[in-house]
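The values are calculated or read from the model by the stated rules, or taken from the named source; none is laboratory data. Treat the numbers as computed from the prediction; the structure is a model and nothing was measured. Quick reminder, even Gly has a Cβ in these numbers, built from the backbone with ideal geometry, and neighbours come from all protein chains shown.
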Amino acid sequence: MHPRVVLNSLATILLLFALFGIPALLTLFNLLLLLCGKRVSPKFKGLINVTDIMTFGLGILYTGLLAVFHNFHQWYEQLREGPALNERYTPVAFDHLATFGTICGVALLSYILLRFFSKKLSPIIAALCYSGMFLGFFMTVALTVQLWKFIDQPLTALLLLFPYNAVMCSLRLMRNTVEEQAQAMAQKEYKNPVLIFCQKVLSRSSTFMLATFILTIPLLLIIIAVLLLFGQQPDSIVKQFTETAEWTLSQKIPPPRLDYDGHYLCTVAACGDEKVVKPIRAGKRHGRLIVVNRQLLVANAFEDLIAEKTPRLHKVIRKTYDKIGLPVSKYINTKARSNIVYFVMKPLEWLFLLVLYAFDTNPENRIHRQYLG
């Protein structure tokens, strides 16, 4: 086997392992650590630290790459239909990403503080950190519900991989630290009767966790109040999921998708660079919306004229196109290819215009009425 082939094969294997193998191993390891309880040997402390750092570091990186690959758009934008475009609406509204990011950031910061500085935190700060992680749990549940409609699609399911790993790490941390936090509360000395009563209640692990769970409400209100100062709306925590389209909690109706499949000039008009192909408007073809540019209108007007003047010749042209043009259109699935076809078709566009102006009394009227539906 040629060395270059071997190197390419090894590179492919390493890439697949980095993209899928490492996340799968981290998920399995986090699940085992969660199920093992406190029975994990102290010898593995360093390995657990590395696993946690990799889980959060690579989780954020891979989730960002997945979001970019999905090519998300706002609900009011008109998407193009086609297997190569991979366009879809965002599950979290762009206008409220600050709310989503802040809550996730608070959950992450809470985890870091408890994970690495647990013994240095006061009981009150520790309780707030537990509350912050509870907010992360709630956000994971909401995101799961939002994505559930398309959970059968692998790329959509992968968006939940990091949130659930973060939940497993947080649950493990809570289980391992809540007892020592409750004991720290019990060791405090107070003279105020109210504080003494609170100490007795919070010195037990179960009631300490219940108190931190209840604290999520005031913590969330504080976060919302701070976000108001930066232009977010009071109900952004709800609107981040409802002001979207096509997902489970979505309440917006998006515009119909534009079809670019089935005609190579339709493909060029929809898939090409806007500065090159110069789309003019939307049109209708076979009952579906498509993107229309000048070149497409001229070509269709030429076909319309041929069909009107010489029907037999039109049948031959149409039959030839169906055999050649339609299969070719399936390969025009990138902006670069669409731009190239646009320039290649320019001489034919000028020829079509010459025929239209030579044999039609109102050529521009014929051109502009194409694809009006």
Among the residues of region 274-316, write down those that are under 15 Å from GLU364 (Cα atoms), over 34 Å from the mean Cα position of the chain (by Cα) and among the aliphatic types (A, V, I, L, M).
LEU297, VAL298, ALA299, ALA301, LEU305
Could you grab me the full set of residues in region 106-160 that are in a loop (DSSP other than H, G, I, E, B), more than 24 Å from MET54 (Cβ to Cβ) and under 29 Å from the mean Cα position of the chain (by Cα)?
ILE151, ASP152, GLN153
Evaluate region 106-121: report whether one residue or more is more than 19 Å from LEU210 (Cβ to Cβ), surrounded by 13 or more Cβ atoms within 10 Å (Cβ to Cβ) and in contact with a Cys (Cβ under 6 Å, 6 or more places away or on another chain).
yes
Applying the selection to region 131-162, what residues are closer than 23 Å to THR27 by Cα, among the hydroxyl-bearing types (Ser, Thr, Tyr) and at pLDDT 90 or above?
THR140, THR144
Based on this model, can you work out whether MET168 counts as over 19 Å from THR102 (Cα atoms), in a helix (DSSP H, G or I) and at pLDDT 90 or above?
yes
List pairs: first in region 20-36 and charged (D, E, K, R), second part of a helix (DSSP H, G or I) and loosely packed, with under 15 Cβ neighbours inside 10 Å, Cβ under 9 Å, 6+ apart or cross-chain?
none
Residue list for region 98-118, restricted to those being touching a residue at least 60 places away in the same chain (Cβ under 8 Å) and over 24 Å from GLN233 (Cβ atoms):
TYR111, LEU114, ARG115, SER118
Mind checking which helices (runs of 4 or more DSSP H) fall wholly inside region 199-287 and carry at least 3 residues that are at pLDDT 80 or above?
205-214, 216-229, 236-242, 274-277
Odd one out for ALA182, checked against (1) assigned by TED's automatic domain parsing to the domain that holds TRP75; (2) modelled with pLDDT of 70 or more:
(2)
